[in-house]
Amino acid sequence: MKRRFLLLMLLSILFIFLLSGCLTIDINIGIDKSYASFVSYRVELDVSNIDPQYHIILSNTLNRLGWHYQQELGFAAGLDTNSHLYVLNMTKRVQNNSFKQAFESLEAMLTDEATTAFMMVDMSLQSMPRQELFYIAAMLDIPQILRLSSVDELSPELLSEFENAIETGAGTIKLTLPVSKVAKSSHNTNVNQQLSEMNIPLSYTDQTKFEFAASLIFMEDGTIGESFDDIAGQLISMRNIALIAGAAAALILLVALIAIFVRK
């Protein structure tokens with residue numbers, strides 16, 4: 001398979017590691033509450049310990065990568081080299097009219113070999129009246145891509161330096177999705193106001209895998225509700241409040257009638 005993103009990114013990583021830089025790659029994917037699906041890559045390089053003569057080379061390498069994603073692949077890209085941290089951000093967002101449409105557009109971006117960072121993506125969606133059940137799993141294999149990029153052809157000295165330097169690589173994959181109830185998550189997941197965030201540590205020496213399953217429940221006005229148990233609890237609470245209010249109104253009416261009869 002052609003993996004243009006990985007080949008471009010990993011060849012840049014190879015060069016950066018050999019210069020003993022500290023590299024962080026963060027990958028953010030998901031769907032927000034407005035049903036915009038998105039994929040973003042953030043590359044952060046600490047050049048404070050790199051010989052200044054190489055700074056322009058690194059800046060040009062990151063700039064070419066950002067230019068390619070912006071001009072050829074429809075990403076919004078920005079590069080900041082104003083400090084010892086060189087930061088490249090590349091983001092693609094697609095606005096959608098429903099969660100189903102957003103899920104499908106996210107799947108299209110994650111499986112597009114021209115842009116995806118993932119070797120495997122498995123996504124499924126089951127739609128029911130006022131409910132969506134969905135599942136997503138993916139795998140990123142940086143060691144395999146390094147092998148495909150002919151890293152083994154380096155001299156023994158450079159290969160040894162590269163293998164030592166790759167241990168310093170850092171980063172995360174963050175999956176963000178609207179949810180009513182999480183059914184399964186391979187990593188710790190935080191849910192706040194029906195929006196979940198799962199953070200997966202990125203490995204440069206092993207496969208990085210994750211999976212996530214959840215449900216979405218829609219209220220009558222189309223907004224995202226909580227789980228059925230919570231909705232049932234809210235309905236019971238509302239019913240109890242209504243009963244209490246009705247009883248209070250009846251008591252007030254009874255007191256008023258008694259007062260009227262007493263005055264007579």
Could you give the length gained by full extension between residue 57 and residue 122, i.e. 0.36 nm per residue of separation minus their alpha carbon distance, to one decimal place? 19.6 nm
How much length is gained on full extension from residue 133 to residue 183, taking 0.36 nm per residue of separation minus their Cα-Cα distance? 17.0 nm
Pull up all non-local amide H partners of residue 30: gap of 5 or more, or a different chain, and H-to-H distance under 5 Å with H placed in the peptide plane. 38, 176
Sequence of 39, 179, 121 once ranked by neighbouring C-beta atoms within 10 Å, starting from the fewest: 121, 39, 179
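Bear in mind that the values in this text are calculations on the coordinates, not laboratory data. Quick caveat: nothing in here was measured; it's all calculated off a predicted structure. No Cβ is skipped: glycine too gets one built from the backbone with ideal geometry, and neighbour counts run over all protein chains shown.
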